[in-house]
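Right, one structure below, let's go through it.
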Amino acid sequence: MPSIQPPARRRTTGAGRPPRTAAVRIPAALAAGMLLLTGCALGSTPKDTGAAAAAASATPRGDTGTITLTVGEFGTFGYHEAGLYDEYMASHPDINIHTQVTQDGQAYWDTLTARLDSGTGLADIQAVEVGYIAQATSTYADKLVNLDTTRGVNPQAWLPWKTQQATTAAGALIGLGTDVGPMAVCYRKDLFKQAGLPTDRAEVAALWQGDWSRFLEVGRRYRDAAPKGTSFTDSAGGLFNAVLSSEAQQYSDASGKLNYQNSPGVKKAWDLAARAAQDKLTAGLTQFKGEWNTGFFLSRFATVVCPSWMTGVISSNSGDGAAGQWDIAQAPAAGNWGGAFLTVPKAGGHPKEAAELAAWLTAPEQQAKVFAKTGNLPSTLAGLKQPAVQDAKLDYFGDTPVGQIYAAAAQFIQPAPIGKDDGTVKTALTRDGLEAVEKEGVDPKTAWNNAVKLIKEKTGG
């Protein structure tokens, strides 16, 4: 069976897994994070980065007959790791590709919207996270290329809901789906065993099947017998995202209008996550920050809610000592957390060539190659069915049938409506709201009211 290679970190995380040394074993996440904080970008070749690359992308063909295309990414999309940029340049000798990689997804989006508003500083291809795709289709549709007529693009090739998410009210397809994030729960078999819990993935899944509140019940059992220095799960924010991802009503209603204060899904997710924090079931870590990355390496928690791309985060952060100790069980309910799109700004230097590159990168064959390298699950129907996906295993997870687990989970996803301010609301509720409960002991009602106040200041809703 194909084996997925240990990737760089995924989504609002970092890049590159540096070699380990025998003397000092430092989590890869720390070194990668320092690289990104210095403003370096990962490219397929050691050429211009940052502002220089942005300027190069707007430069017309020179005497060499080449075009430089820049790709703006957040986290790790897997194209560099899977060698796709080099492959494309080899078959298109008139194309050079540079990447601009940002660690913080919120900062990336804030910068992107500012550049779309001004029409300057844009990469030829800009990735957009699913939480912001509704804002892209509504507010910025006129600034993005309609990719429906691009050579190699067939809107029916993707999961139907994935294509719908990136389609404007006027019918323009402004984003090509990269991956999806079907939900599971990754857990440490060794820590579960020490706490007297089962370790077989089917038995573990049965403990919480059908109800996220049962997940908390398992957490209390773990807490009461936990190995010293460990918590049941990593963060209240991660649990909130997981619970909400499986709900039919989330932040916005069917028209895209914010309705989070009246949403049964948001209330359920908030109440469960706040209760987990108050019951000391979480490690109190902020996902995708340095302390969370290190938490994997130090075995500070026994579970992490695990969309398909999270397997790469685990393998690159947990260290060699935890290899074979992580396993994957079905989540209490099916849901999707994460996934992204590639868009082409009209103000980019080479929209036609950029659109063709975006179409090639998101084709089923390339999606399967990315999955085999990083675990980012394809969003195309044909990509999900490829043997490289269905038969894949992840070396770090031993004999776990990773491909089968996530490809099957993807078929049961029932996506909720997405509004243009969903990403802003999510950040406020998790980072500003739940973290106050988790880290400062703030009463959940007070934390909720404070988060709502912040949301209203930012969105007016």
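Points to keep in mind about this one:
- Test for PRO332: is it of a type outside the set (Lys, Arg), farther than 21 Å from THR70 by Cβ, under 19 Å from the mean Cα position of the chain (by Cα) and part of a loop (DSSP other than H, G, I, E, B): no
- Residues (assigned to a helix (DSSP H, G or I) and in contact (Cβ under 8 Å) with a residue 60 or more places away in the chain) located in segment 335-364: PRO351, GLU353, ALA354, ALA355, GLU356, LEU357, ALA358, ALA359, TRP360, LEU361, PRO364
For every residue, the table says whether it meets (1) among the aromatic types (Phe, Trp, Tyr); (2) free of Cβ contacts under 8 Å to residues at least 40 places away in the same chain.
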site	(1), (2)
ALA206	no, yes
PHE215	yes, no
ARG220	no, no
ALA226	no, no
SER231	no, no
ALA242	no, no
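- Residue list for segment 268-290, restricted to those being assigned to a helix (DSSP H, G or I) and more than 11 Å from ASN317 (Cα to Cα): LYS268, ALA269, TRP270, ASP271, LEU272, ALA273, ALA274, ARG275, ALA276, ALA277, GLN278
- Of the residues making up segment 117-135, those that are at pLDDT 95 or above, surrounded by 15 or more Cβ atoms within 10 Å (Cβ to Cβ) and small (Gly, Ala, Ser) are GLY121, ALA123, ALA127.
- Considering residues of segment 393-406 that are crowded, with 16+ Cβ neighbours inside 10 Å and at pLDDT 90 or above only, the residue nearest to the chain's Cα centre (by Cα): TYR406
- Boolean, ALA172 is touching a strand residue (DSSP E or B) at 6+ places or on another chain (Cβ under 9 Å), crowded, with 21+ Cβ neighbours inside 10 Å and modelled with pLDDT of 95 or more: no
- The condition (being over 21 Å from the mean Cα position of the chain (by Cα) and surrounded by fewer than 24 Cβ atoms within 10 Å (Cβ to Cβ)) is satisfied by just one residue among GLU353, GLU365: GLU353.
- Pairs where the first residue, in segment 155-178, is under 14 Å from LEU144 (Cβ atoms) and the second is assigned to a helix (DSSP H, G or I) and among the charged types (D, E, K, R), C-beta under 6 Å, 6+ apart: LEU173/ASP148
- Residue within segment 408-429 that is closer than 16 Å to MET310 by Cβ, touching a Pro at 6+ places or on another chain (Cβ under 9 Å), of a type in the set (Phe, Trp, Tyr) and not assigned by TED's automatic domain parsing to the domain that holds LEU159 present: no
- From the list VAL370, VAL402, the lone residue that is touching a residue at least 24 places away in the same chain (Cβ under 8 Å) and outside the structural domain of ALA123 (by TED's automatic domain parsing) is VAL402.
- Qualifying residues in segment 330-350 (those that are of a type in the set (A, V, I, L, M), surrounded by fewer than 24 Cβ atoms within 10 Å (Cβ to Cβ) and closer than 30 Å to GLN194 by Cα) - the one modelled with the highest pLDDT: ALA333
- Unique match (being surrounded by 23 or more Cβ atoms within 10 Å (Cβ to Cβ), of a type outside the set (A, V, I, L, M, F, W, C), at negative phi and touching a residue at least 12 places away in the same chain (Cβ under 8 Å)) among GLY295, GLY265, GLY290: GLY295
- Residue within segment 93-116 that is touching a helix residue (DSSP H, G or I) at 6+ places or on another chain (Cβ under 8 Å), at pLDDT below 80, not in a helix (DSSP H, G or I) and not assigned by TED's automatic domain parsing to the domain that holds SER255 present: yes
- Helices (runs of 4 or more DSSP H) fully within segment 151-253 counting 1 or more residues that are of a type in the set (Asp, Glu) and over 26 Å from the mean Cα position of the chain (by Cα): 189-194, 201-208, 212-224
The values are calculated or read from the model by the stated rules, or taken from the named source; none is laboratory data. Just so you know, these numbers come straight off a predicted model, no measurement behind them. Note that each Cβ is placed from the backbone with ideal geometry, even for glycine, and that neighbours are counted across all protein chains shown.
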